[in-house]
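**Student:** Right, I'll just put the structure down here and ask away after.
The values are calculated or read from the model by the stated rules, or taken from the named source; none is laboratory data. Here the structure is a predicted model, which is why all the values come from computation and not from measurement. Glycine also receives a Cβ, built like all others from the backbone with ideal geometry; neighbour counts cover every protein chain displayed.
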Amino acid sequence: MTATPFTYRIHGARWRSGVACIALAAGIAVNPTASAQTAREAELESRLNQLEAAVAALKGELTQARAEQQAAAAQATAQQTASTEAAQKTDTRVAALESKPSAPAEGFKVGATTFKMGGFVKVVGSATRYDDGEVPGGSLGKEFYLPQQIPVGGSNSSRDIIGHARQTRLFFTTSTPFAGNELKSHIEFDFALAAAPLGAQRATNPYNPTFRRGFITWGNWLVGQEWTTFQNPNHFPETTDFVGPMDGAIFVRQAIIQYRHPISPDWSLYVAAENPQTETISTTSAALGDNDTDRVPDMVAKLAYKGKLGEMHVAGIYRKLSVHSNGMGDNANGWGVSAAGKILFGEKGRHDLRFSATYGHGMGRYFTVGYVPDAIYDATVADKLYVIDNFAGFAALKLGWTDKLRSTFMASYQKAWYPDGIAVPGLANEAAYSFAGNLFYSPVKNLDLGIEYRHGQREVVSGLTGQMDRLEMAAKYTF
């Protein structure tokens, strides 16, 4: 008997029948008499069962392998889909960012130097009542609070309404990389302190620009005209006025050479040599005299803090007062100490307390634009400087009612003690005080609208006093 080649599939009964036939044929071919032997049939049946079990196991492994292959393929497809979606999202975000306009560049460059400009437009209107006289036309006291220009001794009161935009301000800055630092400059001017020309309000209200600040900085050095190191203008309260609590404030800008030494991230030590100027009155006149014969700079040292609590400082100053003319004159020592600050409190630091307190000997020029002189000097009476002591201070509380609405309440005071043994003019200023309250509203960023009431009083050596009441409104746009 000859075997014929055939093709088979590993499938259920058909596989089993084929295997059985092959095994039977093989047994008959080997031993024709095996069909009659029961033991041989049993052995063959056993072998057949083992073969079927092996085939079943192979089938199970094949099924499991196919399932694992399908699962792996499904996982790979899912991963590919997720990767595609992530790539699409990234492309979408990049496209969105690229479609947004870029932030405008600050300033412009010429070579390696960056130029910037800023400032604000401020419009002020006020109605004032003076109890004891009139303020001459064109006086700065009509446009912002100057206690020395409150009339005293008058028999009649006066009223005045005025509007102006003279406090409008512009500044320019430059910055140039130099020797590992930025070499910077700052130039600033406004129109507030310019003398009003005759007939200014008749038609065009012209005012000349007045130089405020101009200095150079490099690293920790500052050289030029800047606020005196003895003060910090950031401590001035928000006000519709030019300064506000002028009678209690230090107010000087002058040429200085200043060095700042950082002690820690929050503390710095400042030392400076500043332009000297001795202001005097005589025994017969309360008019201030400018003496340009000083021989030693005013020397200032200040320890300042700036951190989470706000800003604070303590400062000291030494002056060498000097008057010399026609071979005559005198020198005298002057000094002063000051403490000031701005303390933040409340939610988001929306409220703050600002204060300043200064005592000095021969320090009058530094207070209130020279409300009190540094000394009394009269060569016809005695060739000697008689130095004046004085105190000045203010406190201001700011309350932020909302993110756009806020108020400030402030009070200030100044007192002078003239030396004994010399005549003092009766109209020489001796004391001043004021208090004020305001409400500011900022409907949009950089636009401030305010209304403020202020009462001030001036007292002179003779005992005469004068009072002022002012209601003022202001609109300011900062750019």
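**Student:** Take Asp290 and decide whether it is closer than 30 Å to Ala379 by Cα, outside any strand (DSSP E or B) and free of Cβ contacts under 8 Å to residues at least 40 places away in the same chain.
**Tutor:** Working: closer than 30 Å to Ala379 by Cα: yes; outside any strand (DSSP E or B): no; free of Cβ contacts under 8 Å to residues at least 40 places away in the same chain: yes.
Considered against the rule, which asks whether it is closer than 30 Å to Ala379 by Cα, outside any strand (DSSP E or B) and free of Cβ contacts under 8 Å to residues at least 40 places away in the same chain, Asp290 comes out as no.
**Student:** Criterion first (under 21 Å from Gly334 (Cα atoms) and either in contact with a strand residue (DSSP E or B) (Cβ under 8 Å, 6 or more places away or on another chain) or not hydrophobic (A, V, I, L, M, F, W, C) (or both)) does Gln414 satisfy it?
**Tutor:** For Gln414, the condition - under 21 Å from Gly334 (Cα atoms) and either in contact with a strand residue (DSSP E or B) (Cβ under 8 Å, 6 or more places away or on another chain) or not hydrophobic (A, V, I, L, M, F, W, C) (or both) - is met.
Let's see how each residue does on (1) assigned by TED's automatic domain parsing to the domain that holds Gln148; (2) farther than 30 Å from Leu385 by Cβ; (3) of a type outside the set (A, V, I, L, M):
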{"position": "Gly426", "(1), (2), (3)": "yes, no, yes"}
{"position": "Asn429", "(1), (2), (3)": "yes, no, yes"}
{"position": "Ala436", "(1), (2), (3)": "yes, yes, no"}
{"position": "Phe440", "(1), (2), (3)": "yes, yes, yes"}
{"position": "Val444", "(1), (2), (3)": "yes, yes, no"}
{"position": "Leu449", "(1), (2), (3)": "yes, yes, no"}
{"position": "Tyr453", "(1), (2), (3)": "yes, yes, yes"}
{"position": "Glu459", "(1), (2), (3)": "yes, no, yes"}
{"position": "Gly463", "(1), (2), (3)": "yes, no, yes"}
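**Student:** For residues that are hydroxyl-bearing (Ser, Thr, Tyr) and in contact (Cβ under 8 Å) with a residue 40 or more places away in the chain, scanning just region 422-461, find the one that is farthest from Tyr477 (Cα to Cα).
**Tutor:** Tyr433
**Student:** Right, something else. Asp241: in contact with a helix residue (DSSP H, G or I) (Cβ under 6 Å, 6 or more places away or on another chain) and either surrounded by fewer than 16 Cβ atoms within 10 Å (Cβ to Cβ) or in the same structural domain as Arg319 (by TED's automatic domain parsing) (or both), yes or no?
**Tutor:** Working: in contact with a helix residue (DSSP H, G or I) (Cβ under 6 Å, 6 or more places away or on another chain): no; either surrounded by fewer than 16 Cβ atoms within 10 Å (Cβ to Cβ) or in the same structural domain as Arg319 (by TED's automatic domain parsing) (or both): yes.
Against the criterion (in contact with a helix residue (DSSP H, G or I) (Cβ under 6 Å, 6 or more places away or on another chain) and either surrounded by fewer than 16 Cβ atoms within 10 Å (Cβ to Cβ) or in the same structural domain as Arg319 (by TED's automatic domain parsing) (or both)), Asp241 does not qualify.
**Student:** For region 212-243, which residues satisfy the criterion of being closer than 30 Å to Ser434 by Cα and assigned to a strand (DSSP E or B)? Talk me through it step by step, then tell me what you get.
**Tutor:** Going residue by residue through region 212-243, those that are closer than 30 Å to Ser434 by Cα are 212-213, 225-243.
If the condition is that a residue be closer than 30 Å to Ser434 by Cα and assigned to a strand (DSSP E or B), then Arg212, Arg213, Gln225, Glu226, Trp227 are the ones that fit.
**Student:** Cβ-Cβ distance below 9 Å, separation of 6 or more or different chains: which pairs start in region 303-314 with a residue that is more than 17 Å from His261 (Cα to Cα) and end on one that is aliphatic (A, V, I, L, M) and surrounded by 14 or more Cβ atoms within 10 Å (Cβ to Cβ)?
**Tutor:** Here the result reads Lys308/Leu344; Leu309/Ile343; Leu309/Leu344; Gly310/Ile343; Gly310/Leu344; Gly310/Leu353, each pair linking region 303-314 to a residue that is aliphatic (A, V, I, L, M) and surrounded by 14 or more Cβ atoms within 10 Å (Cβ to Cβ).
**Student:** Do we have Val271 as assigned by TED's automatic domain parsing to the domain that holds Ala395, crowded, with 20+ Cβ neighbours inside 10 Å and of a type outside the set (Ser, Thr, Tyr) here?
**Tutor:** Criteria not met by Val271.
**Student:** Is it true that Thr293 is in contact with a His (Cβ under 6 Å, 6 or more places away or on another chain) and either aromatic (Phe, Trp, Tyr) or surrounded by fewer than 16 Cβ atoms within 10 Å (Cβ to Cβ) (or both)? Quick ask: steps written out before the conclusion?
**Tutor:** On the way: in contact with a His (Cβ under 6 Å, 6 or more places away or on another chain): yes; either aromatic (Phe, Trp, Tyr) or surrounded by fewer than 16 Cβ atoms within 10 Å (Cβ to Cβ) (or both): yes.
Against the criterion (in contact with a His (Cβ under 6 Å, 6 or more places away or on another chain) and either aromatic (Phe, Trp, Tyr) or surrounded by fewer than 16 Cβ atoms within 10 Å (Cβ to Cβ) (or both)), Thr293 qualifies.
**Student:** A further question on this structure: Against the condition more than 21 Å from the chain's Cα centre (by Cα), part of a loop (DSSP other than H, G, I, E, B), assigned by TED's automatic domain parsing to the domain that holds Ala165 and within 30 Å of Lys415 (Cα to Cα), how does Ala192 come out, does it pass?
**Tutor:** yes
**Student:** For region 381-394, does any single residue satisfy the condition of being within 34 Å of the chain's Cα centre (by Cα), closer than 22 Å to Tyr259 by Cβ and either among the β-branched types (Val, Ile, Thr) or assigned by TED's automatic domain parsing to the domain that holds Leu269 (or both)? Full working, then the answer.
**Tutor:** Looking only at region 381-394, we keep the residues that are within 34 Å of the chain's Cα centre (by Cα), and these are 390-394.
Retained after the next criterion (residues that are closer than 22 Å to Tyr259 by Cβ): none.
Within region 381-394, not a single residue is within 34 Å of the chain's Cα centre (by Cα), closer than 22 Å to Tyr259 by Cβ and either among the β-branched types (Val, Ile, Thr) or assigned by TED's automatic domain parsing to the domain that holds Leu269 (or both).
**Student:** Inside region 402-421, can you point out the residues that are free of Cβ contacts under 8 Å to residues at least 12 places away in the same chain and not acidic (Asp, Glu)?
**Tutor:** Thr402
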